[in-house]
Amino acid sequence: MRRYGTAGRYLLLCAVWGTAFMATDVGLADLPAVPFAAVRFDVAAALLFVAVVASGADLRPRTRDDYVYVLVGGALIIGAHHAFLFAGQRYVTGGVAAVLLGLVPVVTPALTRLVSTDEEFTAATALGVALGFVGVVIIADPDPANVADSVLGVSLVLASALAFAVAAVVTHSRSPSMPFLATQAWMMAIGAVVLHAAVFALPGQSFAAAAWTPSALAAVAYLSAVAGVGGFLLYFTLLDDLGPIEMSFIEYVIPVFAALAGWLALGQAVTPATVGGFAFILAGFVAAKWRALRGLF
């Protein structure tokens, strides 16, 4: 019975994070990308700090690992990752963006092996990275009528995947002393600060250009409360049950929900190039983690 409950929570998380790409597409119709991301994490951070205070958990960073974890995680996983992702979704659909983020579990072990003396950069890792980037090239498949936008969109989402992977490598060996809820609250608050700074640094990202329509407000609410707070809490409870290898498969289930939600709600088509690129990225993941995956069966 516990197995079915875990499977249900896993699929629920895939659905929540998959539909988040569709919600992002909805919000981007009325909101500049970076202000949209900043407000999303303003709300999410506030909700998490309320939850931490209500639970009576310790809120203060105390150790070096606490500070590195929340600063790097906040600046890269929340700030840079979402700035690039939201900006990229102005040019590619949520379904394509979700597929491209499948590079995260392909690139992360490669980066870990490059920076850690305890890890070996194997031929399987190199093959996985190569297959993954072939998938990116296939997905990019620029429309002759819109080459610049297609390439720019794929490049921005790829940058978001790399920001996430770099943060995962840097925080890999850190053991924060704070409760999980507190680390997430601080990460989201720091990420929101980074995003607000980016609003002032980047052209065309002013809050003055935002149109706070009902659909835009609904997108912010969904991304903050459901995909943000609810999704991250669900993710880390599942991580304890399943471990990092099995949880990394989520990157290959999320695109299914993202494509389905985009098609049903927004009429977005899934192209053969997206499907073909997804197959190469999945093959890259299997190649890069073949040894670990073989141990699961």
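The values are calculated or read from the model by the stated rules, or taken from the named source; none is laboratory data. Quantities reported herein were computed from a predicted structural model and do not represent experimental measurements. Because the Cβ atoms are built from the backbone with ideal geometry, glycine has one as well, and the counts that use them run over all protein chains shown.
From the list 235, 252, exactly one residue is under 30 Å from residue 182 (Cβ atoms), among the hydroxyl-bearing types (Ser, Thr, Tyr) and either surrounded by fewer than 14 Cβ atoms within 10 Å (Cβ to Cβ) or under 17 Å from the mean Cα position of the chain (by Cα) (or both). Which is it? Of 235, 252, the one residue that is under 30 Å from residue 182 (Cβ atoms), among the hydroxyl-bearing types (Ser, Thr, Tyr) and either surrounded by fewer than 14 Cβ atoms within 10 Å (Cβ to Cβ) or under 17 Å from the mean Cα position of the chain (by Cα) (or both) is 235.
Being over 17 Å from the mean Cα position of the chain (by Cα) and crowded, with 20+ Cβ neighbours inside 10 Å: is that true of residue 186 here? Working first, answer last.
On the way: over 17 Å from the mean Cα position of the chain (by Cα): yes; crowded, with 20+ Cβ neighbours inside 10 Å: yes.
Yes, satisfied.
Candidates are the residues of the stretch 138-161 that are part of a helix (DSSP H, G or I) and surrounded by fewer than 19 Cβ atoms within 10 Å (Cβ to Cβ); the one that is modelled with the lowest pLDDT is 147.
May I ask you to verify whether residue 193 is under 19 Å from the mean Cα position of the chain (by Cα), surrounded by 14 or more Cβ atoms within 10 Å (Cβ to Cβ), among the aliphatic types (A, V, I, L, M) and modelled with pLDDT of 95 or more?
Numbers: under 19 Å from the mean Cα position of the chain (by Cα): yes; surrounded by 14 or more Cβ atoms within 10 Å (Cβ to Cβ): yes; among the aliphatic types (A, V, I, L, M): yes; modelled with pLDDT of 95 or more: yes.
Spelling it out, residue 193 is indeed under 19 Å from the mean Cα position of the chain (by Cα), surrounded by 14 or more Cβ atoms within 10 Å (Cβ to Cβ), among the aliphatic types (A, V, I, L, M) and modelled with pLDDT of 95 or more.
Taking the stretch 1-77 and the helices (runs of 4 or more DSSP H) fully enclosed by it, the elements with 1 or more residues that are among the charged types (D, E, K, R), in contact with a helix residue (DSSP H, G or I) (Cβ under 7 Å, 6 or more places away or on another chain) and buried (at least 17 other Cβ atoms within 10 Å of the Cβ) are at 2-28, 33-55.
Helices (runs of 4 or more DSSP H) wholly in the stretch 186-264 with at least 3 residues that are touching a helix residue (DSSP H, G or I) at 6+ places or on another chain (Cβ under 8 Å), within 30 Å of residue 276 (Cα to Cα) and hydrophobic (A, V, I, L, M, F, W, C) - which ones?
Working: elements: 214-221, 231-242, 244-248.
In the stretch 186-264, the matching helices (runs of 4 or more DSSP H) lie at 231-242.
Whenever a residue of the stretch 34-58 is within 11 Å of residue 186 (Cα to Cα) and touching a residue at least 12 places away in the same chain (Cβ under 8 Å), its partners that are polar (S, T, N, Q) and crowded, with 16+ Cβ neighbours inside 10 Å, lying with C-beta atoms within less than 6 angstrom and at least six residues away or across chains, give the pairs 44/224; 48/184.
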